[in-house]
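One structure is given below, encoded as structure tokens.
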Amino acid sequence: MKIKVLGSAAGGGFPQWNCNCRNCDGVRRGTLKATRRTQSSIAVSANGEDWLLVNASPDLLAQIAAHPELQPARRARDSGIAAVLVIDAQIDHVTGLLMLRERDTPLPLYATDAVWQDLTSGFPVATMLSHYCGVEHRRIALDGAPLAMAGLEGVQIEALPLSSKAPPYSPHRHAPERGDNIGLVITNPKTGKRAFYAPGLGEVENHVLAAMREADLLLVDGTMWTGDEMIRLGLSKKTAAEMGHLPQSGEGGMIDVLASLGARDARKVLIHINNTNPILVEDSPERRVLGEHGIEVASDGMSFEL
């Protein structure tokens, strides 16, 4: 089973188009040791030819161009993207669906009931696509059963409900519903190896912690270093928690959570990294702290085989 990181940044990418924070300004000028990143998405495959796209970033076309396996050219019009699964209805995870409108068959789209409601109401991407290729909604029931994925045999996926925020345009933004945000346990049935993917993780509940303990690869929320990061920089009035993200540092932060998993030999990788996060700077003190804890920082093009 193969997992590729197509995009590793949070919404807006890195550098963000209108941001002049130290990180964004430094990467543009070449004065910081940092690498540009597109917005968060991964792809999963059992055979290296048919891929499940997990989240459809606004940067999807650039990501497809950077990964030829997503364009295998088996016929006149073709794609290696067999289906798409979205973990929430956030703009940075669903806008790229519009870039797939030229398909000649309906797009298989896995989504929970809560997310599907958002995609047909508050941000009606699915409704828009009905005028182009169409969408075949495949319901994620959150009943604990693995998802059945035609054409993606050899990959087993289970969805876990997470405590996080629905998008601002969601009908249930202020009345959270089960399934607004999910994490994924992605398993290779042949090897028994599994990955846990949760780029938006506001709270580590017991069922989530149990899944993390059993994972051989963790791709988890790396959005912000501190809870007040955006406030201190004068870029927002919201804390990380208010945006549905667990910061890395501080008591109970992601570093503490990953350290609590014990001695299991799992790769621990932060993904969905906000442009303000100092871990983007490769020689920063914060990056060294992560290294001391055996934690990696995802970059575009990173790949794993389980």
Conditions (1) out of contact with any Asp or Glu (no Cβ under 9 Å at 6 or more places or on another chain); (2) at pLDDT 95 or above; number of the one not met by ALA148: (2)
With the requirement that a residue be of a type outside the set (S, T, N, Q) and either exposed (fewer than 13 other Cβ atoms within 10 Å of the Cβ) or over 16 Å from the mean Cα position of the chain (by Cα) (or both), what does the range 293-306 give you? HIS293, GLY294, ILE295, GLU305, LEU306
Here is a check on your reading of the model: is ASN55 at positive phi and touching a residue at least 24 places away in the same chain (Cβ under 8 Å)? yes
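Per-residue answers, yes or no, for (1) modelled with pLDDT under 95; (2) under 16 Å from the mean Cα position of the chain (by Cα); (3) surrounded by fewer than 24 Cβ atoms within 10 Å (Cβ to Cβ):
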{"position": "ALA83", "(1), (2), (3)": "no, yes, yes"}
{"position": "ILE87", "(1), (2), (3)": "no, yes, no"}
{"position": "HIS93", "(1), (2), (3)": "no, yes, no"}
{"position": "GLY96", "(1), (2), (3)": "no, yes, no"}
{"position": "LEU100", "(1), (2), (3)": "no, no, yes"}
{"position": "PRO106", "(1), (2), (3)": "no, no, yes"}
{"position": "THR112", "(1), (2), (3)": "no, yes, no"}
{"position": "PHE123", "(1), (2), (3)": "no, no, yes"}
{"position": "LEU129", "(1), (2), (3)": "no, no, yes"}
Scanning the range 255-292 for residues that are surrounded by 15 or more Cβ atoms within 10 Å (Cβ to Cβ) and free of Cβ contacts under 8 Å to residues at least 40 places away in the same chain, the one farthest from the chain's Cα centre (by Cα) turns out to be SER284
Within the range 293-305, residues in contact with a strand residue (DSSP E or B) (Cβ under 6 Å, 6 or more places away or on another chain) and touching a residue at least 40 places away in the same chain (Cβ under 8 Å) come out as ILE295, VAL297, ALA298, ASP300, MET302, SER303, PHE304, GLU305
When the range 161-172 is checked residue by residue, the ones that are within 16 Å of LEU201 (Cα to Cα) and crowded, with 19+ Cβ neighbours inside 10 Å are PRO161, LEU162, SER164, LYS165, ALA166, PRO167
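Results for (1) modelled with pLDDT under 95; (2) touching a Gly at 6+ places or on another chain (Cβ under 7 Å); (3) over 27 Å from ILE182 (Cα atoms), shown as yes or no for each residue.
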residue	(1), (2), (3)
LYS4	no, no, no
ASN23	no, no, yes
ARG28	no, no, yes
LYS33	no, no, yes
SER45	no, no, no
GLU49	yes, yes, no
On the given criteria, is ASN47 surrounded by fewer than 21 Cβ atoms within 10 Å (Cβ to Cβ), without any contact (Cβ under 8 Å) to a residue 24 or more places away in the chain, assigned to a loop (DSSP other than H, G, I, E, B) and at negative phi? no
Residues in the range 88-110: is at least one of a type outside the set (S, T, N, Q), assigned to a loop (DSSP other than H, G, I, E, B) and within 22 Å of SER170 (Cα to Cα)? yes
SER170, sole failed condition from (1) farther than 26 Å from ASP265 by Cβ; (2) free of Cβ contacts under 8 Å to residues at least 60 places away in the same chain: (2)
Log entry, pairs with first residue in the range 69-82 being part of a strand (DSSP E or B), second being small (Gly, Ala, Ser), beta carbons closer than 8 Å, six or more apart or on different chains, reads ILE81/ALA43; ALA82/GLY151
Provide a single number: the residues in the range 1-37 that are surrounded by 22 or more Cβ atoms within 10 Å (Cβ to Cβ), part of a loop (DSSP other than H, G, I, E, B) and under 16 Å from the mean Cα position of the chain (by Cα). 3
Pick out, from the range 151-258, the strands (runs of 3 or more DSSP E) lying fully within it that include 2 or more residues that are modelled with pLDDT under 95, over 29 Å from ASN23 (Cβ atoms) and in contact with a strand residue (DSSP E or B) (Cβ under 9 Å, 6 or more places away or on another chain). none
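The values are calculated or read from the model by the stated rules, or taken from the named source; none is laboratory data. Model, not experiment: these values are computed from the prediction. Backbone-built Cβ (ideal geometry, glycine too); neighbour counts: all protein chains shown.
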